[in-house]
Each structure stands twice: as C-alpha cells, then as structure tokens.
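Asker: Below is one structure. I have some questions about it.
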Amino acid sequence: MRFAWTLLLAATLAMATLTCLAPPAQGAELDCLIEPYRVVNVSAPVDGLLERVVVERGDMVKSGQLLAALESSVQQVMLSIAKARAELETPIESSKVRLDYAIRKVASNEKLLEEHGISEREVDDTRAQRDLSVIALVEARDNKRLAELDLKRAEAELEVRLIRSPINGVVMERLLSPMEQTKQTPIVKLAQLDPLRVEVFVPISLLGKISVGMSADVLPEAPVGGTHSARVTVVDRVVDAASGTFGVRLELPNSNNRLPAGLKCRVRLPSR
C-alpha cells in the first residue's frame, strides 16, 4: 500500500512538472512589462553654469517646452549689439545720397564737356566718383546682410543655452541644480508615455506564429486593470536558448497618459 502511494505521488509530481514546463498555447496569457516608449537624458549642447531649472520630477512637459537655462548675460549683450547693427540703415542711406549726387554731377559735367566748359579729365574724375559710389552702396548693403547673419548667429548662441524638451512626456528625475556646471552632464531625465512599449518573452513553440502588425490584448496589474489593445511592432529573430523564448514588443496607445509605465501585465496573444 505504501509503495502504491509512493508511485501515485511520483506520477502526480511528474504531471505537475510537465504542465509547468509545457509551452502555453497561442491565445494564452503571458507575463509582460509595460515600459516608457523611450527615456531621454536631456543635457545642454554647450558647457556652462546652470542658471535655472524650471521643471520638477513628475511634471508633464511638451515638446519644445523650456526645461532649464544656462547663464547667458554675455550672449544677451552680444545679441543686443548684433540686433542694433542689423537694424542700422545709415550707411545705406548715406551711400544712396552720395551716389545720387555723383550721378547728377556726371550728367552736369558731360553737358559742360559738350559745351567745351571743362576738360575730359574732369569728366573722367566725376565718372570715377560715381563708380566708387556704386561700389560703396553695394558694400553697405553687403555689410547689412552680414549684420543680419551675425544677428542670427547671436540668436542661435543664446538659443543653445536654453534647454528644451525633445518630447512630450514626464520628468522622471532632475539630475542637476542651479549654479552647477553642466559639462554636458544630463540635466533632467524624461520618459515618453504615449505610446507605451510592452515587452514579453514568448515560448519558442510560437515562433513563426507571431508577426509585426498583429493585435493583442494587454491586461495591466491591479489596481489599474482593464483590457487594452496593443499592436506587435518587433519580433526578435534571435531565440534565447537557455530559456527557450524569444522577445516580442508591442506598442500600446496611451492618450492622455492614462496608464503609468513600469507596470507588470499579462498579454493575451491572438490565436489563429
């Protein structure tokens, strides 16, 4: 009797072991993890003294929103100077007046030359002054264009000291504080939450049965819960021999950031 009981227990354990090791059929639920679509460490493109950080952990940010600024008093002064030069019209206006006078003087002297009132040399001198006035006007206009380009350069130098968000997302962490040197060290860490990524390891038995574009249901852990539709975006082509699985990534729409990242979940793959 004892021997029969031992055999029954062994058979039960063996069956339980096979059940645990057997790969789930397609359509079963698999463990998964909901992650941010991407995480970005935002740093300044130039070294400098951090003047202010205008966001805190947990703040929602939009693409292009100001996150922080470097000390920029010198750049602001240079911008004011460049703007003043770019707006300066005096050199062009004075060159126009001198050219107009030179043109009228040439016309007058050419008339006098016809009347034998002056020499050919005097007319040549006035023509040379007219040509020089034309060159001076061209130079004044060129200088204005250069001043306008210098203004754009000064604006760009100031803009790179304003650190803006490259994505719509949430501030995960503030890494630097005002009065610290940046040295191209990340200032804030951002996470994009719309869409979300769902990572799942799938048994090798389903290899070839899951393809990009397929839909699946994602069930986040409590207390979030619910069933959310996601789409397969990546199917790994390399299998992990140790675990007998391969990776699959899904994209989960998350308008209004209603779902947080970092949740455990279950994914229900479609059967076909």
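The values are calculated or read from the model by the stated rules, or taken from the named source; none is laboratory data. Note that this is a predicted model, so its numbers are computed, not measured. Note that we place each Cβ from the backbone using ideal geometry, even for glycine, and neighbour counts take in every protein chain shown.
Asker: Against the condition free of Cβ contacts under 8 Å to residues at least 60 places away in the same chain, farther than 12 Å from L67 by Cα and small (G, A, S), how does A154 come out, does it pass?
Answerer: No, not satisfied.
Asker: Related question: Suppose the filter is in contact with a helix residue (DSSP H, G or I) (Cβ under 9 Å, 6 or more places away or on another chain) and either within 30 Å of D100 (Cα to Cα) or modelled with pLDDT under 95 (or both); does E221 pass it?
Answerer: No: the conditions fail for E221.
Asker: Contact list please: Cβ distance under 6 Å, first residue in the range 220-234 and in contact (Cβ under 8 Å) with a residue 60 or more places away in the chain, second residue part of a strand (DSSP E or B) and surrounded by 13 or more Cβ atoms within 10 Å (Cβ to Cβ), pairs at least six apart or on different chains.
Answerer: Hits for this filter: P220/C265.
Asker: How about the range 128-235: which strands (runs of 3 or more DSSP E) wholly inside it have at least 1 residues that are farther than 30 Å from C32 by Cα?
Answerer: 162-164
Asker: Filter the range 54-86 down to the residues that are crowded, with 17+ Cβ neighbours inside 10 Å, out of contact with any Ser or Thr (no Cβ under 9 Å at 6 or more places or on another chain) and assigned to a loop (DSSP other than H, G, I, E, B) and list them by number.
Answerer: Hit for the range 54-86 is S72, nothing else.
Asker: Could you list, in sequence order, all residues of the range 111-126 that are of a type in the set (D, E, K, R) and at pLDDT 85 or above?
Answerer: Once the filter is applied, which keeps residues that are of a type in the set (D, E, K, R) and at pLDDT 85 or above, the range 111-126 yields K111, E120, R121, E122, D124, D125.
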